[in-house]
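No lab work stands behind these numbers, since they all come straight from the coordinates. None of the values given here were measured: they were computed from a predicted structure. Note that we place each Cβ from the backbone using ideal geometry, even for glycine, and neighbour counts take in every protein chain shown.
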Amino acid sequence: MKKAIIIGATSGIGKGLAKLLADNNYKIGLTGRRVELLNELKNENPNFYIKSFDINDTNVVGQKLDELTTELGGLDLLIISSGIGDINENLDFEIEKRTIDTNVLGFTCVADWTFNYLEKQKSGHLVAISSIGGLRGSRQAPAYNATKAYQINYLEGLRQKAKKLNTSIFVTDIRPGLVDTEMAKGEGLFWVMPVEKTVRQIYTYVTQRWRLIATILKRIPRPIYDKM
Ligand SMILES: NC(=O)c1ccc[n+]([C@@H]2O[C@H](COP(=O)([O-])OP(=O)(O)OC[C@H]3O[C@@H](n4cnc5c(N)ncnc54)[C@H](OP(=O)(O)O)[C@@H]3O)[C@@H](O)[C@H]2O)c1
């Protein structure tokens, strides 16, 4: 059984991905701050392992992820689906700060722990859900779009680092448009995608990469493979 952790699995895209991975024979660690929602999910599936923590509490993130990985018995895939985004036309600094804390500091703490873990085991996949919003600034939600631009750039850095290491570590940045979750706010939203459709597309994209690797691996002649 493959092992995955989803950061931000209590609702929306993360929750949808957790259910889809479970249907595809994954053992999954689910995280988020809302303990009652994690408990509800745990009761739905014996292959769900739960750990409640706030990614902004960067002093505990590493310890919580170590514990969850030990409970799962390893880690092949970690998906960062945590994030917040609020409309903030009045530039309330508290909203901007909260957004930066979660989408930049917490995000970086989780991404770094994951990359270092994968580097040690020389394989695995880090996936993060950034946003198409990261491509341009927004007058309605300046911090949200700016933090998503940070994520896109940071992930590119990690992808480059993985390539240089010449190991089987993959870093994937998913940039959805609008998805029908608690986060999608505002009026006049257009082309809003249902969660189920979004997570199916993410799953196909993420696992196709592994399908390709599996196909290549299967075709490597035994004498060469034994030397790898
Ligand atoms: N919905 C969209 O239109 C859309 C479009 C593009 C990109 N995205 C991105 O997709 C990702 C998932 O969003 P969503 O739409 O699925 O929204 P969502 O339903 O609000 O889910 C966000 C998840 O993040 C977790 N989270 C938030 N702050 C956290 C913190 N400090 N520590 C730990 N977990 C935290 C939440 O769990 P708790 O509250 O339990 O902690 C929740 O599980 C986000 O990064 C978002 O920016 C969304």
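A few notes on this one:
- Other residues whose C-beta falls under 14 angstrom from the C-beta of GLU94 contribute a net charge of -2, scoring Lys and Arg +1 and Asp and Glu -1.
- For the stretch 123-228, the Kirkwood hydrodynamic radius from C-alpha pairs, put into Stokes-Einstein at 10 °C and a viscosity of 1.306 mPa s, yields a diffusion coefficient of 98 µm² per second.
- Taking every Cα-Cα distance in the stretch 8-116 and sorting them into 10 Å bins from zero, the calculated P(r) comes out as 14, 46, 30, 9, 1 percent.
- Partner lysines for LYS97 [C-alpha distance under 17 Å; skip if fewer than 8 residues away on the same chain]: LYS148
- Note on the chain: Cα-Cα pairs beyond 24 Å make up 44% of the total pair count.
- A simple charge model with +1 on the Cβ of Lys and Arg, -1 on the Cβ of Asp and Glu and nothing else charged puts the dipole of the chain at about 1360 debye relative to its Cα centre.
- The stretch 45-94-the stretch 97-153 distance, computed between alpha-carbon centres (Å): 12
- Relative contact order for the chain, counting Cα pairs under 8 Å that sit 6 or more residues apart, in percent: 18
- Longest to shortest principal axis, alpha-carbon extents of the stretch 1-41, angstrom: 27, 16, 15
- Excluding the site residues themselves, the longest part of the chain lacking any GluC sites (Glu not before Pro) in a DSSP loop with at most 14 other Cβ atoms within 10 Å is 90-181.
- Residue exposure sequence - TYR225, TYR154 - by fewest surrounding Cβ within 10 Å: TYR225, TYR154
- When the convex hull of its Cα atoms is projected in every direction, mean area for the stretch 116-176 (nm²): 4.1
- Among GLY83, ILE100, VAL199 the positive-end extreme of the charge dipole of the chain (Cβ point charges): VAL199
- Cα-Cα over 18 Å, subset of LYS15/LYS42; LYS122/LYS164; LYS3/LYS122; LYS3/LYS227; LYS64/LYS161; LYS27/LYS51: LYS3/LYS227; LYS64/LYS161
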